[in-house]
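One structure below.
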Amino acid sequence: MFFAIVAGLGGLYLLLMAMGLIHREYMSSWNRPRKLALTIMGGGFFILGMYFGYLDYFLSTPEGKEHQRQQRELNRQYFPQQQNR
């Protein structure tokens, strides 16, 4: 959940900067390509935060727990030498 919060809020912060809602004086000196790059980066971080949030939610559901159990079982079958540890 930590990564969802950090990436989501970081992306939202960058998007607000690119829109000129925060740090207006600082952002007034930026040209259009730099603001576009900031918008793309902010959007990417925001989407990454939403993905981490969904992944955290999914892994807490019964289906997610079953998925994790199957993944552990496949790892045990694929790496039999690690069963003794």
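The values are calculated or read from the model by the stated rules, or taken from the named source; none is laboratory data. Source: prediction; values computed, not measured. These area figures cover heavy atoms from the full protein model, side chains too; ligands, DNA and RNA do not enter into them. Shrake-Rupley method; radii C 1.70, N 1.55, O 1.52, S 1.80 Å.
What residue among Leu59, Leu48, Leu12 has the largest mean-square fluctuation in a Gaussian network model of the chain, using Cα springs under 10 Å?
Judging by the Gaussian network model, the answer is Leu59.
For the chain, what ratio Rg/Rh do Cα atoms give with a Kirkwood hydrodynamic radius?
Numbers: Rg = 20.1 Å, Rh = 15.5 Å.
Reported Rg/Rh (Cα atoms, Kirkwood Rh): 1.30.
Just the accessible area per residue of the chain, please: how many Å² with a 1.4 Å probe?
Details: 6960 Å² over 85 residues.
Computed with neighbouring chains in place, this is 82 Å² per residue.
Can you give the relative contact order of the stretch 1-82 as a percent, counting alpha carbon pairs under 8 Å and 6+ residues apart?
Numbers: 65 pairs, mean separation 31.3, N = 82.
In percent, rounded to a whole number, it is 38.
Remind me, what semi-axes does the stretch 16-63 give for its equivalent ellipsoid, largest first in whole Å, using sqrt of 5 times each Cα gyration tensor eigenvalue? Write down the numbers at each step before the final one.
Working: eigenvalues 223, 21, 4 Å².
So the equivalent ellipsoid measures 33, 10, 5 Å along its semi-axes.
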